[in-house]
């Protein structure tokens, strides 16, 4: 049973009357960020005036490499601290919270470079994602009967998620033996151990074998179908077109445009940000888009955004 109120699916049509402009107000924003700035020396990596994320839908965060997307993720989830600004989740201020406390509130994230602990098994990785485990308390850990039932519930939930993400056959394998795509699936499944309301995915398709891409896309859509909110960073415009309900565009640290993917592709500010100069041709969100971006040398599987990593590395 989720620790949070029951989630309900949201009709994307709720955004039909939302102004297609940067910083537009949403009918039911789950996340609101205002005046967030992050500087690294003389470089302004993030300068977001205002952003609202609609509850229950999938929002794509796109932009050229170095636009500040991953840095923005780091700030919102507590992995870095802004120089200025504030943000709320479910109306609660989140600026002073550490990453694990942010996750407890119902907002979790994944990383472009997966953070699976390679020297423990897949099922053990899943169990680590469960919050508030009694066995983590030193004194309670000495009295196994006190937390045996909770441990059983956690394992049952982990097994159900592994089956959902088609990783149950890898249950007892070391996480280090998984392919890149399977690690992405494991990280997404582990994130669901907290019953989150908002999931932030940093380039979930990067480095994934095409054979697993469609499976990942369907899992992202299923999160929305359950009533969860998704924000994801992505460079592949075909993926953005396929799964997003709303698109936010960043460039040089700021938000320059918002709207459905059909409108974003025709936005001159977006075209300029991607192609580097004024163009009359729109960015079309279809099979031609990737070729256009490739020709401008900006479609890359690598993020140039400055990232702050505070994860514990695997023991050598």
| field | Failed criterion for residue 32 (all others in (1) surrounded by 16 or more Cβ atoms within 10 Å (Cβ to Cβ); (2) at pLDDT below 95 hold) | value | (2)
| query | What pairs come up if the first residue lies in the range 253-281 and is at positive phi, the second is at pLDDT below 85 and part of a loop (DSSP other than H, G, I, E, B), and their beta carbons are under 9 Å apart, counting only those six or more places apart or on different chains? | reply | 259/267; 276/296; 276/298
| note | Among 113, 57, the single one that is under 16 Å from the mean Cα position of the chain (by Cα), within 21 Å of residue 190 (Cα to Cα) and without any contact (Cβ under 8 Å) to a residue 12 or more places away in the chain is 113
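With respect to residue 183, is the statement that it is crowded, with 20+ Cβ neighbours inside 10 Å and either farther than 24 Å from residue 68 by Cα or in contact with a helix residue (DSSP H, G or I) (Cβ under 7 Å, 6 or more places away or on another chain) (or both) true?
Numbers: crowded, with 20+ Cβ neighbours inside 10 Å: yes; either farther than 24 Å from residue 68 by Cα or in contact with a helix residue (DSSP H, G or I) (Cβ under 7 Å, 6 or more places away or on another chain) (or both): yes.
For residue 183, the condition - crowded, with 20+ Cβ neighbours inside 10 Å and either farther than 24 Å from residue 68 by Cα or in contact with a helix residue (DSSP H, G or I) (Cβ under 7 Å, 6 or more places away or on another chain) (or both) - is met.
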| remark: All-but-one check, residue 161 against (1) modelled with pLDDT under 90; (2) touching a helix residue (DSSP H, G or I) at 6+ places or on another chain (Cβ under 6 Å), failing number (1)
| field | Unmet criterion (only one of (1) closer than 22 Å to residue 127 by Cβ; (2) under 11 Å from the mean Cα position of the chain (by Cα)) for residue 220 | value | (1)
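Answer yes or no: is there a residue in the range 259-273 that is part of a strand (DSSP E or B) and modelled with pLDDT of 85 or more.
yes
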| remark: Restricted to the range 74-99 and to residues being in contact with a strand residue (DSSP E or B) (Cβ under 7 Å, 6 or more places away or on another chain), touching a residue at least 12 places away in the same chain (Cβ under 8 Å) and assigned to a strand (DSSP E or B), the residue farthest from residue 201 (Cα to Cα) is 84
| remark: Residue hits (the range 194-215; crowded, with 20+ Cβ neighbours inside 10 Å and out of contact with any strand residue (DSSP E or B) (no Cβ under 8 Å at 6 or more places or on another chain)) are 205, 208
| message | Whether any residue in the range 206-213 is within 26 Å of residue 29 (Cβ to Cβ) and under 14 Å from the mean Cα position of the chain (by Cα) is what I want to check. | response | no
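The values are calculated or read from the model by the stated rules, or taken from the named source; none is laboratory data. Source: prediction; values computed, not measured. Glycine gets a Cβ as well: all are built from the backbone with ideal geometry, and neighbour counts include every protein chain shown.
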